[in-house]
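Let me give you the structure first, and then I'll get to my questions.
The values are calculated or read from the model by the stated rules, or taken from the named source; none is laboratory data. The structure displayed is predicted, hence computed values, not measured ones. Cβ sites come from the backbone with ideal geometry, for glycine too, and all protein chains shown count toward neighbours. To get the accessible areas, we keep the full protein, side chains included, count just its heavy atoms, and leave off ligands, DNA and RNA. Shrake-Rupley method; radii C 1.70, N 1.55, O 1.52, S 1.80 Å.
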Amino acid sequence: MARSISYITGSQLLSLRRQPNIAIIDVRDDERGYDGHIAGSLHYASGSFSENISNLIQQVKGKDTLVFHCALSQVRGPTCARRFANYLEDVKEEAGIKNIMVLERGFNGWEASGRPVCRCSDVPCKGEVA
Ligand SMILES: [Zn+2]
């Protein structure tokens with residue numbers, strides 16, 4: 001069965017992102033370095049995404065919902081989400097992932113709506129430490 005990819009809005013993600021079952025995957029390329037990022041998001045640049053899919057699967061073990069985004073979530077975000085879904089099908093690996101989603105309007109929409117942006121340079125981002 002082909003996996004479907006659904007969209008999630010920024011406000012939905014804002015309320016869900018602290019759930020332990022969610023991973024946010026930023027597939028922007030160099031922009032992440034100077035534009036900031038959503039706290040706790042993982043970085044898998046679109047330019048090398050395919051080579052790193054198996055690492056990504058390892059890194060999201062225990063998560064069941066992955067939210068992909070790029071700057072606008074027009075091209076790179078949905079493309080990487082689709083590649084990831086196809087990969088899971090090809091390897092017949094379920095990996096416990098139930099939902100593959102794309103953040104509507106991407107990082108730029110997130111930031112434009114005044115949602116919190118992390119500017120740390122930690123890899124991986126540890127998220128907001130209270
Ligand atoms: Zn950070």
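Within region 90-113, can one find any residue that is within 16 Å of the ligand (Cβ to nearest atom) and among the acidic types (Asp, Glu)?
Looking for residues that are within 16 Å of the ligand (Cβ to nearest atom) and among the acidic types (Asp, Glu), one finds at least one in region 90-113, hence yes.
Which of the following residues is of a type in the set (Asp, Glu), under 21 Å from Val123 (Cα atoms) and crowded, with 19+ Cβ neighbours inside 10 Å: Asp26, Asp35?
Working: Asp35 fails: crowded, with 19+ Cβ neighbours inside 10 Å.
Exactly one of Asp26, Asp35 is of a type in the set (Asp, Glu), under 21 Å from Val123 (Cα atoms) and crowded, with 19+ Cβ neighbours inside 10 Å, namely Asp26.
Additional query: Going by what's in this entry, would Asn99 be described as farther than 24 Å from Cys120 by Cα, out of contact with any Pro (no Cβ under 8 Å at 6 or more places or on another chain), of a type outside the set (A, V, I, L, M) and open to solvent by 60 Å² or more (accessible area, probe 1.4 Å)? Write out each step before concluding.
On the way: farther than 24 Å from Cys120 by Cα: yes; out of contact with any Pro (no Cβ under 8 Å at 6 or more places or on another chain): yes; of a type outside the set (A, V, I, L, M): yes; open to solvent by 60 Å² or more (accessible area, probe 1.4 Å): yes.
So Asn99 fits the description; yes.
For Gly109, indicate whether it is modelled with pLDDT of 95 or more, over 11 Å from the mean Cα position of the chain (by Cα) and surrounded by 16 or more Cβ atoms within 10 Å (Cβ to Cβ). Spell out how you get there, then give the answer.
Details: modelled with pLDDT of 95 or more: yes; over 11 Å from the mean Cα position of the chain (by Cα): yes; surrounded by 16 or more Cβ atoms within 10 Å (Cβ to Cβ): yes.
Here the answer is yes, as Gly109 does meet what is asked.
When the residues of region 38-55 are narrowed to those that are open to solvent by less than 30 Å² (accessible area, probe 1.4 Å) and polar (S, T, N, Q), which ends up farthest from the ligand (Cβ to nearest atom)?
Ser46
A further question on this structure: Based on this model, can you work out whether Ser121 counts as hydroxyl-bearing (Ser, Thr, Tyr), out of contact with any His (no Cβ under 6 Å at 6 or more places or on another chain), under 23 Å from Gly33 (Cα atoms) and within 16 Å of the ligand (Cβ to nearest atom)?
Working: hydroxyl-bearing (Ser, Thr, Tyr): yes; out of contact with any His (no Cβ under 6 Å at 6 or more places or on another chain): yes; under 23 Å from Gly33 (Cα atoms): yes; within 16 Å of the ligand (Cβ to nearest atom): yes.
It is true that Ser121 is hydroxyl-bearing (Ser, Thr, Tyr), out of contact with any His (no Cβ under 6 Å at 6 or more places or on another chain), under 23 Å from Gly33 (Cα atoms) and within 16 Å of the ligand (Cβ to nearest atom).
Answer yes or no as to whether Gly114 is modelled with pLDDT of 95 or more, open to solvent by 20 Å² or more (accessible area, probe 1.4 Å) and out of contact with any strand residue (DSSP E or B) (no Cβ under 8 Å at 6 or more places or on another chain).
On the way: modelled with pLDDT of 95 or more: yes; open to solvent by 20 Å² or more (accessible area, probe 1.4 Å): yes; out of contact with any strand residue (DSSP E or B) (no Cβ under 8 Å at 6 or more places or on another chain): yes.
Considered against the rule, which asks whether it is modelled with pLDDT of 95 or more, open to solvent by 20 Å² or more (accessible area, probe 1.4 Å) and out of contact with any strand residue (DSSP E or B) (no Cβ under 8 Å at 6 or more places or on another chain), Gly114 comes out as yes.
Here is a further query. Being among the small types (Gly, Ala, Ser), open to solvent by less than 60 Å² (accessible area, probe 1.4 Å), in a helix (DSSP H, G or I) and without any contact (Cβ under 8 Å) to a residue 60 or more places away in the chain is the requirement here; does Ser15 meet it? I'd like the intermediate steps shown before the answer.
On the way: among the small types (Gly, Ala, Ser): yes; open to solvent by less than 60 Å² (accessible area, probe 1.4 Å): no; in a helix (DSSP H, G or I): yes; without any contact (Cβ under 8 Å) to a residue 60 or more places away in the chain: yes.
Judged against the criteria, Ser15 is not a match.
Considering every residue within region 105-118, establish whether at least one is out of contact with any helix residue (DSSP H, G or I) (no Cβ under 7 Å at 6 or more places or on another chain) and of a type in the set (Ser, Thr, Tyr).
no
Every residue in region 65-77 that is surrounded by fewer than 20 Cβ atoms within 10 Å (Cβ to Cβ) and over 11 Å from the mean Cα position of the chain (by Cα), please.
Narrowing region 65-77 to residues surrounded by fewer than 20 Cβ atoms within 10 Å (Cβ to Cβ): 65, 72, 74-75.
Leu72, Gln74, Val75, listed by residue number.
In addition: Go through the residues of region 78-93 one by one and say whether even a single one is under 18 Å from Leu14 (Cβ atoms), open to solvent by less than 70 Å² (accessible area, probe 1.4 Å) and in contact with a helix residue (DSSP H, G or I) (Cβ under 6 Å, 6 or more places away or on another chain).
Applying the first criterion (under 18 Å from Leu14 (Cβ atoms)) to region 78-93 yields none.
No, that holds for no residue.
Among the residues of region 77-130, write down those that are closer than 16 Å to Val67 by Cβ and of a type in the set (Ser, Thr, Tyr).
Listed by number, the residues that qualify are Thr79, Ser113.
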